[in-house]
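I have placed the structure first, in the form of structure tokens, so that the comments after it can refer back to it.
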Amino acid sequence: MDELEFANINKVIQKYFLGKLNDKKTPFNVTWFLKLHREMYEDVWEWAGKPRNTELNIGVSPYQIYSQLKQLEDNFWYWENKTGMNSLEKAVRLHHGLVKIHPFKNGNGRWARLITNIYLRKKDTPLIQWPEATLQVDSPFRKKYIQALQKADQGSYDDLIGLHLNLQAPTSPPHSKSDKTPPP
Ligand SMILES: Nc1ncnc2c1ncn2[C@@H]1O[C@H](COP(=O)(O)OP(=O)(O)OP(=O)(O)O)[C@@H](O)[C@H]1O
Ligand SMILES: [Mg+2]
């Protein structure tokens, strides 16, 4: 990741991780999914936020991108409103669905991981501390991550859920010791 990408993504982090989140700001629909990619990379790539129109050896065909994203939006709505699935599992399934579609030429992984964390923040669930530097190179961790995504392709989410659980940020109770005035 170069400096421009870092500055651009940093802006987006501030937008979604400082201040309140509501359904208007984060509607978790296709329009917002695409908008978020644009916000993350608009200073870097002129096609930011625009689905690719070329085939890759990963992801769906270009003509299927919009419909599959819409299907994922609908599934996500269903998990959210009609099932008792826990937030982490919903986040993991959304993450997997997004990278499987692979809507953009580049930046799909970071975009999907950010969507996951925005969702977790919205649900007051611990965030995932992705080792971004390690993920971007051919590391043993990346291998594990890709393997877990491929297992999820077969319908078994356990490895991908386990991987997320291992990376959960530690939580502190709302009024942890450090917030209190130290004893005299
Ligand atoms: N062999 C594979 N099988 C399944 N998914 C893969 C495979 N290779 C890559 N991916 C997915 O595609 C993402 C990489 O896509 P892309 O390069 O567009 O994203 P990025 O944000 O630039 O990179 P990265 O996720 O590596 O930081 C990976 O994070 C992973 O989710
Ligand atoms: Mg990339």
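Quick note: the coordinates plus some simple rules give every number you see, no bench work behind them. Predicted, not measured: the structure shown is a model, and the values here were computed from it. In this analysis, Cβ positions are derived from the backbone assuming ideal geometry, glycine residues included, and neighbour counts consider all displayed protein chains.
Side notes on the structure shown:
- Estimated purely from DSSP H runs of n ≥ 4, each contributing -39500 (n - 2.57), the mean residue ellipticity at 222 nm for the chain is -17500 deg cm²/dmol once divided by its residues.
- On the basis of the beta-carbon distance and an R0 of 22 Å, Leu167 and Asn106 show a calculated FRET efficiency of 0.45.
- Assigned charges on the beta-carbon of Lys, Arg, Asp, Glu; the chain dipole about Cα centre (debye): 440
- GNM flexibility winner over the chain from Leu21, Leu98, Leu56 (Cα, springs under 10 Å): Leu56
- Sequentially through the range 113-128, phi angles give Karplus couplings (6.51, -1.76, 1.60; θ = phi - 60°) of 5, 5, 4, 3, 5, 5, 4, 4, 5, 4, 8, 6, 9, x, 6, 9 Hz, Gly and Pro residues having no value and appearing as x.
- Nearest 10 degrees, 0 to 90: helix 30-41 Cα axis against the chain principal axis: 80
- Peptide ranges 30-43, 7-20, 60-73 listed from the most packed, as the mean C-beta count within 10 angstrom indicates: 30-43, 60-73, 7-20
- Cα-based helix-to-principal-axis angle, 140-153 vs the chain, degrees rounded to 10: 60
- Taking amide H positions as modeled 1.01 Å from N, with prolines and chain starts lacking one, the residues under 5 Å from Gln168 and 5 or more places away or on another chain are Gln129.
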